[in-house]
């Protein structure tokens, strides 16, 4: 999802121009490159004389806000989840409760997104962080916890 978001904002126009220039260069040389034409026609869906117009994220406020959500909320929350998932067993149980503190911040991009990739990444990061928060706040050391309740009911 992150690659798709960055491709549509930044790299899409660059890839379209690079493939168009390579096709024109090979046409001048006299070498037929069917594979590059196929990729160009299917991926970019344009004629050789048409060009994509991708909006610049610096000119549009909503795209700029999505980029802020990505850099300031979604990526740091994802790093917190990866930190939990890659915690060493040798060091003992994971004791940081920061996921429980910052997990609700991941809900902000869900309500103010303009690109659906931001929405999907926000939902994914929220689910992951709330799961980590639930695992950390509901530790097995408590005498009666949510996990114990579900275990008793089963």
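Structure notes:
- Extension reserve of the residue 83-residue 65 stretch, reckoned as 0.36 nm per residue once the Cα distance is removed: 3.9 nm
- Residue separation of residue 35 and residue 110 scaled by 0.36 nm, minus their Cα-Cα distance, works out to 23.0 nm of gained length.
- Intensity falloff of region 2-44 expressed as log10 I(q)/I(0), Debye formula with alpha-carbon point scatterers, at q = 0.19, 0.23, 0.26 Å⁻¹: -0.58, -0.75, -0.87
Any read-out appearing in this document is the output of simple, stated calculations on the displayed coordinates, not a laboratory observation. These numbers come from a predicted model, not from an experiment.
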